[in-house]
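Notes for the one structure printed next.
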Amino acid sequence: MPAGNVAEIRKYLEEVIAATNAGKMDWAQANPTTFFWTSTPPRGRLVIQRVEKTVPRRLADGRMIATKVVHYVFQALDQNGTAQFSASGEDIDDLNPLLENLYGVAETSMSRKGLEFLKSILPKS
């Protein structure tokens, strides 16, 4: 991917992170490692997923060990669920820390929403 495109993607991801932190984007959880946000009106969906895998790594003494590697995948889906854009921290190392940040704020948004619901159903003292 050309460097200009990576810079543009970074800027967009930073905007999504800022909007999420400001409470303008409420994320939902699809499964334990995937969060999504659906636009209103529903024209599309953003998805951030944490991918963990074990890969072999050779030590200096020649021995092989299993090492856990984590990267993140970001997708923009149209209203039919077709991926229109995808970026992976595995393919673009420079994006992985930013995608990790987005995953964290999406997770926090989801937790905040759950706590607000819990508070709303608890009896008032």
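Just so you know, all these numbers are worked out from the coordinates, no wet-lab data involved. Since the model is a prediction, treat every value here as computed from it, not as a measurement. Cβ atoms come from the backbone with ideal geometry, glycine included; neighbour counts cover every protein chain shown.
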* **From VAL69, VAL105, residue being among the β-branched types (Val, Ile, Thr) and not in a strand (DSSP E or B)** => VAL105
* To do: Could you list, in sequence order, all residues of region 1-58 that are under 18 Å from GLN75 (Cα atoms) and small (Gly, Ala, Ser)?
  => ALA7, ALA18, ALA19, ALA28, ALA30, SER39, GLY44
* Of all residues making up region 45-93, the number that are of a type in the set (Gly, Ala, Ser), under 30 Å from TYR12 (Cα atoms) and without any contact (Cβ under 8 Å) to a residue 12 or more places away in the chain -> 1
* **Any pair with Cβ under 7 angstrom, 6 or more apart, that starts in region 17-36 at a residue that is farther than 15 Å from ARG112 by Cβ and ends at one that is β-branched (Val, Ile, Thr) and part of a strand (DSSP E or B)** => THR34/VAL47; PHE36/VAL47
* To do: Give the residue that is farthest from PRO97 (Cα to Cα), with candidates limited to residues of region 29-54 that are among the hydroxyl-bearing types (Ser, Thr, Tyr) and assigned to a loop (DSSP other than H, G, I, E, B).
  => THR40
